[in-house]
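Colleague: I have a structure I would like to understand better, so I am pasting it below and will then ask my questions one at a time.
The values are calculated or read from the model by the stated rules, or taken from the named source; none is laboratory data. Note that the coordinates shown come from a computational prediction; the quantities given were computed from them, not determined experimentally. Here the Cβ positions follow ideal geometry from the backbone for every residue, glycine too, while neighbour counts run over all protein chains shown.
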There are 2 protein chains.
Amino acid sequence: MQSSTKTDPATDKAAALKATLEPINAQLYSVEERIRQQARAFDPGVEGYVAYAIESNGKRLRPALALLAGGATGEIGPNHFELAVVVELIHAATLVHDDILDGAEKRRGQPTANAKWGNAISVLLGDCLFAHALKISTGFQNGEVSRRIAHAAADVCSGEIIQTQRRFDLKLSVPDYYKIIEMKTAALFGVATELGALLNEAPPEVITALKTFGLRLGSAYQIYDDVVDLAGDEAKAGKTLGSDLRKGKLTLPILYLLQQSDPEDRQRISQQILEGDDADVSLLVQAALDAGAVRNAVATARKLLREASAQIAVVPANKYRDSLGMLVQTLDDMIAPFGA
Amino acid sequence: MQSSTKTDPATDKAAALKATLEPINAQLYSVEERIRQQARAFDPGVEGYVAYAIESNGKRLRPALALLAGGATGEIGPNHFELAVVVELIHAATLVHDDILDGAEKRRGQPTANAKWGNAISVLLGDCLFAHALKISTGFQNGEVSRRIAHAAADVCSGEIIQTQRRFDLKLSVPDYYKIIEMKTAALFGVATELGALLNEAPPEVITALKTFGLRLGSAYQIYDDVVDLAGDEAKAGKTLGSDLRKGKLTLPILYLLQQSDPEDRQRISQQILEGDDADVSLLVQAALDAGAVRNAVATARKLLREASAQIAVVPANKYRDSLGMLVQTLDDMIAPFGA
């Protein structure tokens, strides 16, 4: 029984997130139920695949943002639940396709769709989830809602393709990186918070503030993810570090490392990135840590989180707004140790 | 110079189609230009891929249907051009993903996206085209338009996944086949004609008739495609016959062959389908021809075309309506010889 008294960081993180989302935990259960119901909306031949893809131990961060932005600006109504489902389905679609691109065997400890059913079914499964999400989104009374969702979805796809296209591209700049992560990750966070407010007909400045909040939080979250891939705990992450580097994805710490290096070092680092065998990847990870490039990326993420926090001032004070603030704090607590 | 006097069936077919679409040939050029312009709406990093995927020698049948349904019910306005672009982009997205599933190297004589850039870019390129189409579709004033487009797109994806899931499934019934082709192919034809009329606020019975017209034409077109894959001219098609069978796709002629055979033959045919080496495929193609299964499939397609024609009676008479009728006739002329 001794092990149960040990601190499990994953459980800690989940507990922290649960505490942060306290005002909407009951509603999140209901979102979960609605997400599961989506599978039943499909043809029986498709239902099983969809059910598998959306059943997950995911954090449902995007739905949480949609609900919190709703609560912060008025009632959390049926439209907010719809919005929560739509953003999560779009996210689920991108995960299914990402796993094909990466040839990933597991996600959150479960076999990926491509590992279970091959690439053909998985390409189509992602398409189905995506089409279904956009189908639901056309059900909103206010056409502006489906318009913005479709724009965000297009941004996500474009961000992903640019990222893929620029693998191993040493000319990738830090602004290029920002643009990619804002498209592929932050756009969906931003549309969740923006539309959470828009559905409540919040004043334009509140809608804009919540959109910016979501965008900054999303970018910070992606940088966190990228830092963990380089500097996380292999045992905890359940995967080898540097997997982005192996795939040629140049993330912020590596871009900082290149920027900070003198020409000679940069030459050597570039070569290691392009050759990319396991020994090179380990050297690069160590170099990014030693040179303070990881620390600098953490500092950038924390700066984005402060920018997110600053937006909250415009939003009327209530427990949902406070929860948005705590969400920023929770992410800051998660990323800060990597900058120490 | 002798060869130029020979009849080239491909040129003949193109000429027949062009004559059929005479009332909208000028507008189709404009659609072509608009389709090309779409590439420029993307981020520069994505533009080149999109341009390649939508630049094609395709027949632009779906845009033609949208315009003709518009002309048959009133003015062909800017909304019809938008609709034409949207249905073609959705179609283009499915082609990009289909080519990944099939590992196809060429389409219409050009290297496929996956042959040029690999599967990763192609998965995302299809996603981008799809997302962009749905983004445009949310621009229609009438929310019902984007709603029906999203529904059709979801049907296309579901049809594709069911077809893929049921490869080599000898329990596939003829009604299952109809359902699959109605979803994967006819849905997009049907939404093009339906919305062409809806955008002109045509009476409900005309909208329904044009929708049914598109659905039947689409199903007949898919059966034609499936017959050509079995019984076409290898040299003309530029591909080996029986490619559907090799992939385990059980199309109407094969389903009829199974249905018509006595238990012993059915057993043997089933085995040949499952084993599916080149010799087996040739035997099956021959058997489908000899048993009249191809002829029966042709008869079914022609019946669907007559059902399409019957719908036209409800539509007010004008040159666009006549063109829709001629389109049915052109397809009938194309498929009839296979039933001889």
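Colleague: Among the numbered conditions (1) within 14 Å of chain B (Cβ to nearest Cβ); (2) closer than 30 Å to residue A:12 by Cβ, tell me where residue A:97 comes up short.
Modeller: (2)
Colleague: Assess whether residue B:187 counts as being closer than 22 Å to residue B:99 by Cα and touching a His at 6+ places or on another chain (Cβ under 9 Å). Explain how you work it out, then say what you get.
Modeller: Working: closer than 22 Å to residue B:99 by Cα: yes; touching a His at 6+ places or on another chain (Cβ under 9 Å): yes.
Against the criterion (closer than 22 Å to residue B:99 by Cα and touching a His at 6+ places or on another chain (Cβ under 9 Å)), residue B:187 qualifies.
Colleague: Out of region A:256-266, which residues are part of a loop (DSSP other than H, G, I, E, B) and surrounded by fewer than 16 Cβ atoms within 10 Å (Cβ to Cβ)? I'd like the intermediate steps shown before the answer.
Modeller: As a first pass, look at region A:256-266 and keep what is part of a loop (DSSP other than H, G, I, E, B): A:261-262.
Within region A:256-266, A:262 is the sole residue that qualifies.
Colleague: In region B:134-141, is there at least one residue being more than 7 Å from chain A (Cβ to nearest Cβ), under 20 Å from residue A:117 (Cα atoms) and small (Gly, Ala, Ser)?
Modeller: For region B:134-141, residues more than 7 Å from chain A (Cβ to nearest Cβ), under 20 Å from residue A:117 (Cα atoms) and small (Gly, Ala, Ser): absent.
Colleague: Out of the residues in region B:277-323 that are more than 30 Å from residue B:72 (Cβ to Cβ) and polar (S, T, N, Q), which is modelled with the lowest pLDDT? Spell out how you get there, then give the answer.
Modeller: We begin by selecting, within region B:277-323, every residue more than 30 Å from residue B:72 (Cβ to Cβ); these are B:277-296.
Filter once more, keeping what is polar (S, T, N, Q): B:282, B:286, B:296.
On the way: B:282: 89, B:286: 92, B:296: 97.
Checked region B:277-323; the qualifying residue modelled with the lowest pLDDT is B:282.
Colleague: Here's a follow-up. Counting only residues that are charged (D, E, K, R) and closer than 15 Å to residue A:247 by Cβ, which one in region A:100-125 is nearest to the other protein chains (Cβ to nearest Cβ)?
Modeller: A:102
Colleague: Right, next: Quick check on this structure: which one of B:50, B:31 is in contact with a Lys or Arg (Cβ under 7 Å, 6 or more places away or on another chain) and either more than 19 Å from residue B:96 (Cα to Cα) or at pLDDT 90 or above (or both)?
Modeller: Working: B:50 fails: in contact with a Lys or Arg (Cβ under 7 Å, 6 or more places away or on another chain).
It is B:31.
Listed here are the residues, each with its yes/no results for (1) among the charged types (D, E, K, R); (2) within 9 Å of chain B (Cβ to nearest Cβ).
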position: A:143; (1), (2): no, yes
position: A:151; (1), (2): no, yes
position: A:157; (1), (2): no, yes
position: A:188; (1), (2): no, no
position: A:204; (1), (2): no, no
position: A:207; (1), (2): no, no
position: A:211; (1), (2): yes, no
position: A:217; (1), (2): no, no
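Colleague: I've got another one for you. Can you pull out the residues in region A:152-168 that are over 15 Å from the mean Cα position of the chain (by Cα) and either small (Gly, Ala, Ser) or closer than 11 Å to residue A:182 by Cα (or both)?
Modeller: A:154, A:158
Colleague: Residue B:257: out of contact with any Phe, Trp or Tyr (no Cβ under 9 Å at 6 or more places or on another chain) and free of Cβ contacts under 8 Å to residues at least 40 places away in the same chain, yes or no?
Modeller: On the way: out of contact with any Phe, Trp or Tyr (no Cβ under 9 Å at 6 or more places or on another chain): yes; free of Cβ contacts under 8 Å to residues at least 40 places away in the same chain: yes.
Spelling it out, residue B:257 is indeed out of contact with any Phe, Trp or Tyr (no Cβ under 9 Å at 6 or more places or on another chain) and free of Cβ contacts under 8 Å to residues at least 40 places away in the same chain.
Matching residues to (1) out of contact with any Phe, Trp or Tyr (no Cβ under 7 Å at 6 or more places or on another chain); (2) buried (at least 21 other Cβ atoms within 10 Å of the Cβ):
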position	(1), (2)
B:170	yes, no
B:174	yes, no
B:183	yes, yes
B:228	yes, no
B:245	yes, yes
B:252	no, yes
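Here's the yes/no breakdown for (1) touching a Leu at 6+ places or on another chain (Cβ under 9 Å); (2) in contact (Cβ under 8 Å) with a residue 12 or more places away in the chain; (3) on the phi < 0 side of the Ramachandran plot:
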position	(1), (2), (3)
A:98	no, yes, yes
A:131	yes, no, yes
A:149	yes, yes, yes
A:158	yes, yes, yes
A:161	yes, no, yes
A:170	yes, yes, yes
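Colleague: Another question, if that's okay. Could you grab me the full set of residues in region B:27-39 that are within 14 Å of chain A (Cβ to nearest Cβ) and free of Cβ contacts under 8 Å to residues at least 60 places away in the same chain? Please lay out each step first, then the result.
Modeller: So in region B:27-39, the residues within 14 Å of chain A (Cβ to nearest Cβ) come out as B:38-39.
Once the filter is applied, which keeps residues that are within 14 Å of chain A (Cβ to nearest Cβ) and free of Cβ contacts under 8 Å to residues at least 60 places away in the same chain, region B:27-39 yields only B:39.
Colleague: Determine, yes or no, whether residue B:83 is under 22 Å from residue A:161 (Cβ atoms) and in contact (Cβ under 8 Å) with a residue 40 or more places away in the chain.
Modeller: Details: under 22 Å from residue A:161 (Cβ atoms): no; in contact (Cβ under 8 Å) with a residue 40 or more places away in the chain: yes.
It is false that residue B:83 is under 22 Å from residue A:161 (Cβ atoms) and in contact (Cβ under 8 Å) with a residue 40 or more places away in the chain.
Colleague: Looking only at region A:40-55, which residues are in contact (Cβ under 8 Å) with a residue 12 or more places away in the chain, out of contact with any Asp or Glu (no Cβ under 8 Å at 6 or more places or on another chain) and surrounded by 17 or more Cβ atoms within 10 Å (Cβ to Cβ)? Quick ask: steps written out before the conclusion?
Modeller: Filtering region A:40-55 down to residues in contact (Cβ under 8 Å) with a residue 12 or more places away in the chain leaves A:41-42, A:46, A:49-55.
If we keep only those that are out of contact with any Asp or Glu (no Cβ under 8 Å at 6 or more places or on another chain) as well, we get A:41-42, A:46, A:49-53, A:55.
Of everything in region A:40-55, those that are in contact (Cβ under 8 Å) with a residue 12 or more places away in the chain, out of contact with any Asp or Glu (no Cβ under 8 Å at 6 or more places or on another chain) and surrounded by 17 or more Cβ atoms within 10 Å (Cβ to Cβ) turn out to be A:42, A:46, A:49, A:50, A:52, A:53.
Colleague: Tell me which of these residue A:140 doesn't satisfy, since it passes every other one: (1) assigned to a helix (DSSP H, G or I); (2) touching a helix residue (DSSP H, G or I) at 6+ places or on another chain (Cβ under 6 Å).
Modeller: Evaluating residue A:140 over (1) assigned to a helix (DSSP H, G or I); (2) touching a helix residue (DSSP H, G or I) at 6+ places or on another chain (Cβ under 6 Å) leaves (1) as the failure.
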